[in-house]
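Worksheet for the structure shown next.
The values are calculated or read from the model by the stated rules, or taken from the named source; none is laboratory data. Everything numeric in this text was worked out from a predicted model, so none of it was measured. Cβ: placed from backbone, ideal geometry, glycine included. Neighbour counts: every protein chain shown. Heads up: the accessible areas ignore ligands, DNA and RNA and are worked out on the full protein's heavy atoms, side chains in. Shrake-Rupley method; radii C 1.70, N 1.55, O 1.52, S 1.80 Å.
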Amino acid sequence: MSKLDKTEVLSAFAAAYETANGKKPEITTKPGWYSIDGGKNLRLADVAELTKKLNSGKTTKTKKPKAAAPVKAQKKAPFTVVTENEEGYTAEELWIVILARKDHDCRLPRGVV
């Protein structure tokens, strides 16, 4: 097994990736591991193999950006929103109000309602 030079392998990969995809890769380094564009962590030898694949023209499938999901009608909350009283909200009522204001489904903490 030959010793791989980290800077040479990463610079060769960046050049091959840029020619294949038209943009520079975002490489995150961790001790002994490299993550390309937030994907799966790879060892340096795996990055070298991926460079060979990119240079040979056998590119891996890249993810296409998904179309925006159609806007759905407003969902009714599975709980009722209470109005503030003179003393303020109770802890349970406060959680209900906070979670009802969010635009996605949320669960109440355990023990509430």
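Of everything in the range 1-14 that is assigned to a helix (DSSP H, G or I) and in contact (Cβ under 8 Å) with a residue 24 or more places away in the chain, the residue that is most open to solvent (accessible area, probe 1.4 Å) is Lys6.
Given the condition modelled with pLDDT of 65 or more and either open to solvent by 50 Å² or more (accessible area, probe 1.4 Å) or farther than 18 Å from Thr7 by Cβ (or both), answer yes or no: does some residue in the range 69-86 qualify?
Let us first name the residues in the range 69-86 that are modelled with pLDDT of 65 or more, namely 85-86.
Checking which are either open to solvent by 50 Å² or more (accessible area, probe 1.4 Å) or farther than 18 Å from Thr7 by Cβ (or both) leaves us with 85-86.
So far as the range 69-86 goes, yes, one or more of its residues are modelled with pLDDT of 65 or more and either open to solvent by 50 Å² or more (accessible area, probe 1.4 Å) or farther than 18 Å from Thr7 by Cβ (or both).
Can you pull out every residue in the range 37-46 that is open to solvent by less than 70 Å² (accessible area, probe 1.4 Å) and either at pLDDT below 85 or part of a loop (DSSP other than H, G, I, E, B) (or both)? Within the range 37-46, Asp37, Gly38, Gly39 qualify. Residues considered: Tyr17, Tyr34. Of these, the only one that is within 23 Å of the chain's Cα centre (by Cα) and in a helix (DSSP H, G or I) is Tyr17.
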